[in-house]
1. Give the residue, chosen from Ala253, Ala270, that is touching a Cys at 6+ places or on another chain (Cβ under 6 Å) and among the hydrophobic types (A, V, I, L, M, F, W, C).
2. Does any residue of region 220-234 turn out to be within 16 Å of the ligand (Cβ to nearest atom), β-branched (Val, Ile, Thr) and closer than 20 Å to Lys115 by Cβ?
3. Within region 237-245, does at least one residue satisfy the condition of being closer than 15 Å to Ile221 by Cβ, part of a helix (DSSP H, G or I) and touching a helix residue (DSSP H, G or I) at 6+ places or on another chain (Cβ under 6 Å)?
4. Can you name the residue in region 246-287 that is of a type in the set (Phe, Trp, Tyr) and outside any strand (DSSP E or B) and is also nearest to the ligand (Cβ to nearest atom) among such residues?
5. Scanning region 203-222 for residues that are out of contact with any helix residue (DSSP H, G or I) (no Cβ under 8 Å at 6 or more places or on another chain) and part of a helix (DSSP H, G or I), which turns out surrounded by the most Cβ atoms within 10 Å (Cβ to Cβ)?
6. Which one is nearest to the ligand (Cβ to nearest atom), of the residues in region 198-216 that are over 22 Å from Lys299 (Cβ atoms) and in contact with a Lys or Arg (Cβ under 9 Å, 6 or more places away or on another chain)?
7. When residues of region 44-78 are filtered for being in contact (Cβ under 8 Å) with a residue 40 or more places away in the chain, over 24 Å from Lys132 (Cα atoms) and of a type outside the set (Phe, Trp, Tyr), how many remain?
Amino acid sequence: MKWGVLLVLILASATAVSWAEKDFEDDGEEYSSLEIPQLKEFSAFGDFLSYGFYQKSCPGVDGIIHRKVKQWFDKDNTIAASLLRLHFHDCVVRGCDASILLDYEGSERRAPASKTLRGFEVIDDIKAELEKKCPKTVSCADILTAAAREATVLIGGPYWMVPYGRRDGVDSIAKETELVPMGIEDITSLIELYQSLGLNVLDLVVLSGAHTIGRATCGVIQERLYNYSATGKPDPSLNPKYLNFLRRKCRWATDYVDLDATTPNKFDNAYYSNLPKKMGLLSSDSALYTDSRTSPIVKALAYQPSIFRHQFAVSMAKLGNVQVLTDLFEGEIRTKCSCRNSP
Ligand SMILES: *[C@@H]1O[C@H](CO)[C@@H](O)[C@H](O)[C@H]1NC(C)=O
């Protein structure tokens, strides 16, 4: 009997689409097998993450995160890009487990690659509020993921549902931040990195579109401006006018420059239409257009803003589910995001 039911379930999930379209008799067995494809779809979104995770234990968690991020955003709009970047740095190393927030000698946060990360105080502020309302309940990893979504919406980007249930990691190792792209990697290594995270080429191109907002430090493009591949000359894949602009803008390696040269404060697809004009700031931005594996996607996104918006939501949701800790025996729910509960 059990095996019979199991077989029905497997068949049901394998043919989810045709089952939904097909007329069926209104008898119990057919009905129960129809429920299963939905569950399947759900767990493919990340094992044991769910939209109703805090429904009983901390109702209103979304509202609190929204209000707090908005307060910070209203004071300083640049916090939106910083929160997106913080979330990305977290998920690339050990998955979305808030390991980037741990602050001690030798942690990711203390590594050179984390030097210009911002937004920690936003997460601490949200966490403090949530600890008052529902102590020891909402993980820092969930807060950071939801804050990145709120930041996207505030800057004019798309909304997506964030499922909850991530647990906070207890390990954070500075050296592992070497995994995080610096903007100088070639497309092959970027594709390999994304693959290791369960993300594909489309996700790579679409998530790079986060560079529609935000800034980089001039140090990262120093070689492109003056001494590309030790030639003593600038990178030929830079538009000469743009090169001139960047040389004037970048007096010091610690100066900041916009990633999207045309509409730096607007969430739009101008990042992609800049690339064919040789106006990508980082060499990994330029490479997206010159590499044959990614250039067709860049062209499609440059011409169709609505596809970018839609796919950004999809790829961000995927990013937020990378290697999440959900088992009760792994990780913990931190009470303070910058330190582990127990030594
Ligand atoms: C360019 O970089 C190479 C390698 O780092 C170095 O040997 C060379 O002196 C640099 N050239 C200039 C003009 O700075």
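1. Among Ala253, Ala270, only Ala253 is touching a Cys at 6+ places or on another chain (Cβ under 6 Å) and among the hydrophobic types (A, V, I, L, M, F, W, C).
2. Just the residues of region 220-234 that are within 16 Å of the ligand (Cβ to nearest atom), to begin with: 220-234.
Those still in the list that are β-branched (Val, Ile, Thr) too: 220-221, 231.
Still in the running and closer than 20 Å to Lys115 by Cβ: 220-221.
Within region 220-234, one or more residues are within 16 Å of the ligand (Cβ to nearest atom), β-branched (Val, Ile, Thr) and closer than 20 Å to Lys115 by Cβ.
3. No: zero hits.
4. Step one: filter region 246-287 for residues of a type in the set (Phe, Trp, Tyr), giving 252, 256, 267, 271-272.
So of that shortlist, the ones also outside any strand (DSSP E or B) come out as 252, 267, 271-272.
Details: Trp252: 17, Phe267: 37, Tyr271: 29, Tyr272: 31 Å.
Among those residues, the one meeting the criterion is Trp252.
5. Of the residues in region 203-222, the ones out of contact with any helix residue (DSSP H, G or I) (no Cβ under 8 Å at 6 or more places or on another chain) are 216-217, 219-220, 222.
Cutting the leftovers down to part of a helix (DSSP H, G or I) gives us 219-220, 222.
Numbers: Gly219: 13, Val220: 19, Gln222: 12.
Per the criteria, the residue is Val220.
6. If we take residues in region 198-216 being over 22 Å from Lys299 (Cβ atoms) and in contact with a Lys or Arg (Cβ under 9 Å, 6 or more places away or on another chain), then Gly214 is nearest to the ligand (Cβ to nearest atom).
7. Here the count works out to 4.
Conditions (1) aliphatic (A, V, I, L, M); (2) in contact with an Asp or Glu (Cβ under 6 Å, 6 or more places away or on another chain); (3) modelled with pLDDT of 95 or more, marked per residue:
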| residue | (1), (2), (3) |
| --- | --- |
| Thr177 | no, yes, yes |
| Leu193 | yes, no, yes |
| Gly198 | no, no, yes |
| Gly209 | no, no, yes |
| Thr212 | no, yes, yes |
| Tyr226 | no, no, yes |
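The values are calculated or read from the model by the stated rules, or taken from the named source; none is laboratory data. Note that the structure is predicted; figures quoted are calculated from it, not measured. Note: ideal-geometry Cβ built from the backbone for every residue, glycine included; neighbour counts use all protein chains shown.
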